[in-house]
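The structure appears below as structure tokens.
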Amino acid sequence: MFHSSEIPENCSLIAEGKLTLLIRNDYKDPLFRQGILNPQRLISTAPREEKQFEGRGILPSIPIQENNGKRMVAKLCLRGGVLQFFNRDMFWGGNRPLKEMIANTQILSRGIRTTEILAAAKERVVGPLYRNFVFSLELTDCIDLINFFDGLKKQSPEKRFKQKKNLFQAIARSFATMHSKGIYHSDLHLKNILISQKDPSCTSEIYIIDFDKAILKGTLSPGEKINNLLRFNRSMEKYKLQGGLISRTDQSRLLKYYFDFDREVSDLYDKYKKRYFRFMKLRRFKWRVLGIGSNPTGQANQGE
């Protein structure tokens, strides 16, 4: 499956029956006692009345025994897109969560703020089909950008303007740092950006999560950086069509701030922009066909 050189020094690879588990050594003993060798049961028996998150399905937050109140977010990996209607929770080969954990250690070593993956597992169901699991250290008091923007609807226009301005500057700085470290995030969207609820000024560091499809290189080209920015902009456009509190001004502001941090890419933006707008026309048509309509109140289109 992997060369021994690929396994991080602080992790162990364990094969037991149908299960293959990659686990951090400093969490191995307590997680073994907690039942990590049966990940599906560990997730299914987690108390639903306690803290939990939403992704593709419910992600329970489970206290880690013997670790001073630390908690982990447990995820049974589920499919999105059309395939979810035929096969929701089985994947071919099952190596994706293990590769994500290996990439996670490299990303953390490059100084990027993200979740720490404590364990990743694949469990064979039949033949080459596996269920996949990821257990990450919970980032306390953080929310994703969609929940943040939803909460802004209760604020005054003046407060919204200030918070969004600070936020997009912080996001642009984090994206520029990630790109300068040679990391291309292939699934960059609003749900994969977390911010601290303890910082009302929105100037704190941003957490970028879910690097399971990330490409780690020595250096990214300007074109790769722009494509990554446009992938995130596509997520903002979709959320805006659903009535989210994002404006054209916000989308332009993010690019402007990014160009302040990385002037190399600004000259190429116009080249990519026309192609991107043609692509987005097709996307918007598809979203409307699928029932993702525009905001009838027009709130999200105000130039805040």
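Below are the figures for this structure:
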| item | result |
| --- | --- |
| Residue within region 243-259 that is more than 24 Å from residue 182 (Cα to Cα), open to solvent by 50 Å² or more (accessible area, probe 1.4 Å) and β-branched (Val, Ile, Thr) present | yes |
| Cross-chain or 6+ apart pairs with Cβ under 6 Å, region 36-47 first and within 12 Å of residue 134 (Cα to Cα), then open to solvent by less than 70 Å² (accessible area, probe 1.4 Å) and of a type in the set (A, V, I, L, M, F, W, C) | 36/119; 39/121; 39/133; 43/74; 43/76 |
| Of the criteria (1) farther than 26 Å from residue 74 by Cβ; (2) part of a helix (DSSP H, G or I); (3) open to solvent by 20 Å² or more (accessible area, probe 1.4 Å), which one residue 175 fails | (3) |
| Check on residue 74, closer than 21 Å to residue 10 by Cβ and modelled with pLDDT of 95 or more | no |
| Any hit, region 247-269, residues being closer than 23 Å to residue 147 by Cβ, assigned to a strand (DSSP E or B) and touching a helix residue (DSSP H, G or I) at 6+ places or on another chain (Cβ under 8 Å) | no |
| Selection from region 178-225 of residues that are over 24 Å from residue 151 (Cβ atoms), open to solvent by 10 Å² or more (accessible area, probe 1.4 Å), β-branched (Val, Ile, Thr) and within 15 Å of the chain's Cα centre (by Cα) | 215 |
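The values are calculated or read from the model by the stated rules, or taken from the named source; none is laboratory data. Only a predicted model underlies this, so the values are computations on that prediction, with no experimental measurement involved. Please note: Cβ atoms are built from the backbone with ideal geometry, for glycine as well, and neighbour counts cover all protein chains shown. When the accessible area is computed, the model is the full protein with side chains, heavy atoms only, and any ligands, DNA or RNA have been set aside. Shrake-Rupley method; radii C 1.70, N 1.55, O 1.52, S 1.80 Å.
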